[in-house]
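K.L.:
Questions regarding the structure given below will be posed in turn.
The values are calculated or read from the model by the stated rules, or taken from the named source; none is laboratory data. Quick caveat, the model's predicted, so the values are computed rather than measured. We place every Cβ from the backbone using ideal geometry, glycine too, and count neighbours over all the protein chains shown. Surface areas here come from the heavy atoms of the whole protein model, side chains and all, with no ligands, DNA or RNA. Shrake-Rupley method; radii C 1.70, N 1.55, O 1.52, S 1.80 Å.
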Amino acid sequence: VGLELNPARLWTLRRDIFGLGTLQVVVCGFAIAGALLLITAFTWQAALVVGLALALSSTALDIQLLKDQDRLNKPLGERVISILLMQDLAIVPLLLVTTALSRLPDPDARGGWELVGVTLLAIVALVIAGRLLLKPLFRLIAMTGAREVFVIGALLTVLSASFLMSMLGVSMAMGAFIAGVMLADSPYRHEVEADIEPFRGLLLGLFFMAVGMTLDLDVIVANPGRILLFVLVLVAVKSLFIAGLCRLFGSSWRDAGR
């Protein structure tokens, strides 16, 4: 995902990222929380935490769909990417909300504002490191002429950024995304993209296999009607509010519905 978005393109999408993306997370989160309060016995705290979590979407799945439909670099794709990017950024404040509403908070967890500050510092540090180190590094790799070294360099960059974010208690996916953006800003972006392309489908398949392995099939068999109701409510609420917000930001009704 990061490789598709160099810093200049991100800047042009700032209105959709911070405007539309923020409204999508907040509006959908509260709407889903309200629906849960109506159809379940959840407390408002539980409904809010679940609602905000379900306001997020699967970036991996959505990006793959856009690529398959050749819409990734079109206005519709850029709007979807903007919303997904804000959803990834929203993970930090959502963690703060969850911690604040928790009945049994983790005593070893970082303080809320400390986590925000550390995360912002880490992002700035990664961007600076990318500017100062990545271009010379890949220039050196290019001099070797070994294609395999390009793959190693790209994976090392992604793993390092992901590990740093993980150490700070933030999503590893955020570190990987920032590494991708840094690589997208280098002259060797296309070589890196071509070299990691074979891994994309394989890792996406492993990701969804891991998700499937976490399912409790006994719960699904015992509650099929309830699960179907929840799915229908979730899809209806998110579709309705996201379409309305996209229309508010200038999309046609057709694109808003998509």
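K.L.:
Based on what the data block shows, is Ala53 outside any helix (DSSP H, G or I), open to solvent by 50 Å² or more (accessible area, probe 1.4 Å) and hydrophobic (A, V, I, L, M, F, W, C)?
P.N.:
No: the conditions fail for Ala53.
K.L.:
Provide a single number: the residues in segment 139-197 that are in contact (Cβ under 8 Å) with a residue 40 or more places away in the chain, open to solvent by 60 Å² or more (accessible area, probe 1.4 Å) and touching a Ser or Thr at 6+ places or on another chain (Cβ under 7 Å).
P.N.:
Total meeting the criteria: 0.
K.L.:
Considering each of Leu234, Leu206, Leu215 in turn, give the residue that is over 29 Å from Leu121 (Cα atoms) and crowded, with 17+ Cβ neighbours inside 10 Å.
P.N.:
Checking each option against the conditions leaves just Leu234.
K.L.:
Of these, Leu20, Leu72, Leu85, which one is in contact with a helix residue (DSSP H, G or I) (Cβ under 9 Å, 6 or more places away or on another chain), open to solvent by less than 20 Å² (accessible area, probe 1.4 Å), not in a helix (DSSP H, G or I) and not aromatic (Phe, Trp, Tyr)?
P.N.:
Leu72
K.L.:
List pairs: first residue in segment 81-106 and farther than 18 Å from Leu54 by Cβ, second residue modelled with pLDDT under 80 and surrounded by 21 or more Cβ atoms within 10 Å (Cβ to Cβ) anywhere in the structure, Cβ distance under 6 angstrom, at least six positions apart or on different chains.
P.N.:
Matching pairs, first to second residue: none at all.
K.L.:
Among the residues of segment 210-228, is any over 30 Å from Glu148 (Cα atoms) and in contact (Cβ under 8 Å) with a residue 60 or more places away in the chain?
P.N.:
Scanning segment 210-228, I find no residue that is over 30 Å from Glu148 (Cα atoms) and in contact (Cβ under 8 Å) with a residue 60 or more places away in the chain, so the answer is no.
K.L.:
Shifting gears a bit: In segment 120-194, which helices (runs of 4 or more DSSP H) lie fully inside it and hold 3 or more residues that are out of contact with any strand residue (DSSP E or B) (no Cβ under 7 Å at 6 or more places or on another chain), modelled with pLDDT of 80 or more and among the polar types (S, T, N, Q)?
P.N.:
The qualifying helices (runs of 4 or more DSSP H) are 147-167.
K.L.:
Which residues, taken from segment 27-60, are without any contact (Cβ under 8 Å) to a residue 24 or more places away in the chain and closer than 19 Å to Ser82 by Cβ?
P.N.:
The answer is Ser58, and nothing else.
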